[in-house]
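Below: the structure, in structure tokens.
The values are calculated or read from the model by the stated rules, or taken from the named source; none is laboratory data. These numbers come from a predicted model, not from an experiment. In this analysis, Cβ positions are derived from the backbone assuming ideal geometry, glycine residues included, and neighbour counts consider all displayed protein chains. Ligands, DNA and RNA are stripped out before the accessible areas are found, and what is left, the full protein with its side chains, is counted by its heavy atoms. Shrake-Rupley method; radii C 1.70, N 1.55, O 1.52, S 1.80 Å.
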Amino acid sequence: MNYKRAYIENSKIFITMVTSKRRPILIKNIEILRNSFKQTKEKIQFSIEAIVILPDHLHMIIRPEDVKQYPEIVKRIKAYFSKNMDETKIEDYKLTKSRENKKEKDIWQRRYWEHSITDEKDLNKHIDYIHYNPIKHGCVNKAKDWKYSTFRKYVKQGLYDEDWYNAGDRYSIAQIKME
């Protein structure tokens with residue numbers, strides 16, 4: 001199946017990448033993941049506007065120097081992580097014939113979600129979603145308590161209050177939930 005990607009000049013790209021079978025391997029292997037970003041940035045120019053890493057998936061907003069390179073950015077991050085991940089440490093790791101034939105490891109879901117962000121309102125909604133995500137998944141009760149996101153960076157820049165969102169707050173989840 002051929003997917004058509006949207007390449008909108010000067011846009012930022014919201015991306016979701018999920019591990020295969022939603023295995024909780026990302027936080028346990030955070031250094032490999034960090035190195036995958038570092039290695040990718042050495043090859044392709046892009047900035048990370050916001051990110052959250054959870055045990056089995058990550059969300060990020062990137063701004064590639066060339067918007068047509070975002071699929072290559074995702075590919076390189078996944079490839080580096082997969083190449084350096086010791087699959088013998090994954091309990092239920094087993095290659096399917098399809099993955100074996102394509103010389104793929106069973107680390108990531110093959111597909112990823114992407115969305116082009118072209119205006120400030122959409123950008124802010126996605127940044128909020130990223131920083132709310134650890135609360136949504138029950139990892140923490142306060143956004144400030146999750147260390148694998150850009151939330152603290154945003155607080156230091158004065159873009160968020162440190163107590164922006166807590167699990168007990170009366171915010172409407174619909175304000176933060178993605179449509």
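Using the structure shown, select from Lys125/Lys156; Lys21/Lys41; Lys12/Lys142; Lys12/Lys121 the pairs with a Cα to Cα distance greater than 24 angstrom. Please list the in-between numbers first.
Details: Lys125/Lys156 19 Å; Lys21/Lys41 27 Å; Lys12/Lys142 27 Å; Lys12/Lys121 13 Å.
Violating the 24 Å Cα-Cα cut-off are Lys21/Lys41; Lys12/Lys142.
If Rh is defined by the Kirkwood formula over all Cα pairs and Rg also comes from Cα, what ratio Rg/Rh do you get for the chain? List each step's numbers first, then the result.
Details: Rg = 16.8 Å, Rh = 17.3 Å.
Ratio value, two decimals: 0.97.
At 222 nm, what helix-only mean residue ellipticity would the chain give, in deg cm²/dmol to the nearest 500, using -39500 (n - 2.57) for each DSSP H run of four or more? Present the calculation step by step, with values, prior to reporting the outcome.
Values: 6 runs with 61 residues, N = 179.
Per the formula, -10000 deg cm²/dmol.
Could you please state how large a percent of the accessible area of the chain is carbon and sulfur, counting protein chains only and using a 1.4 Å probe? Write down the numbers at each step before the final one.
On the way: 4940 of 10760 Å².
Carbon and sulfur atoms account for 46 percent of the accessible area of the chain.
Could you give the semi-axes, largest first, of the ellipsoid that matches the range 1-74, computed as the square roots of 5 times the alpha carbon gyration tensor eigenvalues and rounded to whole Å? Provide the component values of the computation, followed by the final result.
On the way: eigenvalues 97, 47, 24 Å².
That gives 22, 15, 11 Å for the three semi-axes.
Using a 1.4 Å probe and ignoring any ligands, DNA or RNA, find the accessible area of Glu31 and quote it in Å² to the nearest 10.
100 Å²
In degrees, nearest 10, range 0 to 90: what is the angle between the Cα axis of helix 70-84 and the longest Cα principal axis of the chain?
That helix lies at roughly 60 degrees to the long axis.
Which residues among the range 6-31 fall inside the zone where the amide N is under 20 Å from a point 7 Å beyond the Cα of Lys94, along Cα→Cβ?
Once the point is set 7 Å along Cα→Cβ of Lys94, 19-25 turn out to lie under 20 Å by backbone N, inside the range 6-31.
Take the Cβ-Cβ distance between Ile8 and Lys147 as r, set R0 to 25 Å, and report the resulting FRET efficiency rounded to the nearest 0.05. Write down the numbers at each step before the final one.
Details: r = 32 Å, r/R0 = 1.30.
So the FRET efficiency works out to roughly 0.15.
Ignoring everything but the protein chains, give the 1.4 Å probe accessible area of Phe46 in square angstrom, nearest 10.
Phe46 exposes around 20 Å² with every protein chain in place.
If you count only protein heavy atoms and use a 1.4 Å probe, how large is the accessible surface of His57, to the nearest 10 Å²?
Taking all protein chains as shown, His57 has close to 10 Å².
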